[in-house]
1. Here are Ala255, Ala306, Ala318, Ala259: which of them is surrounded by fewer than 18 Cβ atoms within 10 Å (Cβ to Cβ), of a type in the set (Gly, Ala, Ser), part of a helix (DSSP H, G or I) and in contact with a strand residue (DSSP E or B) (Cβ under 9 Å, 6 or more places away or on another chain)?
2. Can you tell which of Gly138, Gly192, Gly176, Gly202 is open to solvent by less than 40 Å² (accessible area, probe 1.4 Å), on the phi > 0 side of the Ramachandran plot and within 26 Å of the chain's Cα centre (by Cα)?
3. Being more than 20 Å from Gln320 (Cβ to Cβ), at pLDDT 95 or above and loosely packed, with under 15 Cβ neighbours inside 10 Å is the requirement here; does Lys234 meet it?
4. Of all the residues that make up the range 230-250, how many are assigned to a helix (DSSP H, G or I), touching a residue at least 12 places away in the same chain (Cβ under 8 Å) and over 13 Å from Leu282 (Cβ atoms)?
5. How about the range 321-332: which of its residues are of a type in the set (A, V, I, L, M, F, W, C) and part of a helix (DSSP H, G or I)?
6. Can you tell me which of (1) in contact with a strand residue (DSSP E or B) (Cβ under 8 Å, 6 or more places away or on another chain); (2) open to solvent by 10 Å² or more (accessible area, probe 1.4 Å); (3) modelled with pLDDT of 95 or more; (4) of a type outside the set (A, V, I, L, M, F, W, C) is the one Thr240 doesn't meet?
7. Which of the numbered conditions does Gly271 fail, given that it passes all the others? Conditions: (1) on the phi > 0 side of the Ramachandran plot; (2) buried (at least 24 other Cβ atoms within 10 Å of the Cβ).
Amino acid sequence: MRYDESSPPLPESATSISPDRPWYARRSTLVVAAAAIAPAALAGWVLTEVLSGSATDDSRPPRIVMPLSASASAPSTSAAPAAAGSPAPGAAPAGTPGAAPVTSAAKPLAGRTVVIDPGHNTGNFKHTTEINRQVDIGTNRKECDTTGTTTNAGYMEAEFSMDVSRRLRSVLEAQGLKVVLSHEAGKERPFGPCIDERARIGNEAAADAVVSVHADGVSAGNRGFHVILPAKVKGGGADTAKIVGPSRQLGERIAGNFARTTGSAPANYLGSGTGLVVRDDLGGLNLSTRPKVFIECGNMRDAKDAAQLTSPEWRQKAAQGIADGIVGFLGG
């Protein structure tokens, strides 16, 4: 420590040093006296800063000014741990700009509902009479349900759609969403549900989005995915006027995220390369009052697409891509 004209005057007791003492003794006494005064002065300085000015400003915490010396400002390694619920030392208090978000903000979609509709049912092959029953889809009548397609090796579309739907449910629930499956094959129902009931499940759940998961079954060489959007139809119990716009937004979000996540291209056999197709003959869309789309994730009759569809790793990517599209549509 250096004592010169820029330093504050020392107390009288510190300066009353006998002139006959050696110069080095007088210097040591000055150093010790100054060192004794500094902590008390510093403590008063810090306390003044804490108690003044910004303490009444709720937008930011009290300003604590620390000394410039690194050794003086370093915290003691023996300091007691923070009390439960208190921010960690050095952490920005809640509400401070730039601070980490609170836990409740980590799931902004909590309370929203999504209905996932796994296409077909593995039991449909054993209940052809029941699923051939005609039901009203508003604009006409159609079969209750169909068996769906298979790969050349016999892997069912219904197996694929259920597996992806369950994976999709897990991803969405992790975002805080409430997820309803229209059915779970082999559990509560041996076949179906019928297409009119599938639509009703989404309507009664007041779903914020509904997605029906499928895979196509056209000739080999036709590859890629496509998302089916509802056409504007009105007749009987069908009136899609209010859902056409939001359903297209949902479909566009899913198509973009599905392509990016899976690496799959939009279908090369319909949709003009957009991956989007509009149809007016699907009861699940015609009877829906909630934003809804179908996704055909690939062609089970094409060997290259089938290799993807039968891969658990690829199905997880498919579920993630669909989920990302739904979350984006809902503003998450």
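The values are calculated or read from the model by the stated rules, or taken from the named source; none is laboratory data. Just so it is clear, the model here is predicted, and its values are computed rather than measured. Neighbour counts run over all protein chains shown; Cβ positions are idealised from the backbone, glycine included. For the accessible areas, the whole protein counts, side chains as well, though only heavy atoms, and no ligand, DNA or RNA atoms are used. Shrake-Rupley method; radii C 1.70, N 1.55, O 1.52, S 1.80 Å.
1. The match here is Ala259.
2. Unique residue meeting the criteria: Gly176.
3. yes
4. 5
5. Ile322, Ala323, Ile326, Val327, Phe329, listed by residue number.
6. (2)
7. Gly271 satisfies all of (1) on the phi > 0 side of the Ramachandran plot; (2) buried (at least 24 other Cβ atoms within 10 Å of the Cβ) except (2).
This table checks each residue for (1) in contact with an Asp or Glu (Cβ under 7 Å, 6 or more places away or on another chain); (2) open to solvent by less than 10 Å² (accessible area, probe 1.4 Å); (3) at pLDDT below 95.
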position	(1), (2), (3)
Pro101	no, no, yes
Ala105	no, no, yes
Ala110	no, no, yes
Val114	yes, yes, no
Asp117	no, yes, no
Ala153	no, no, no
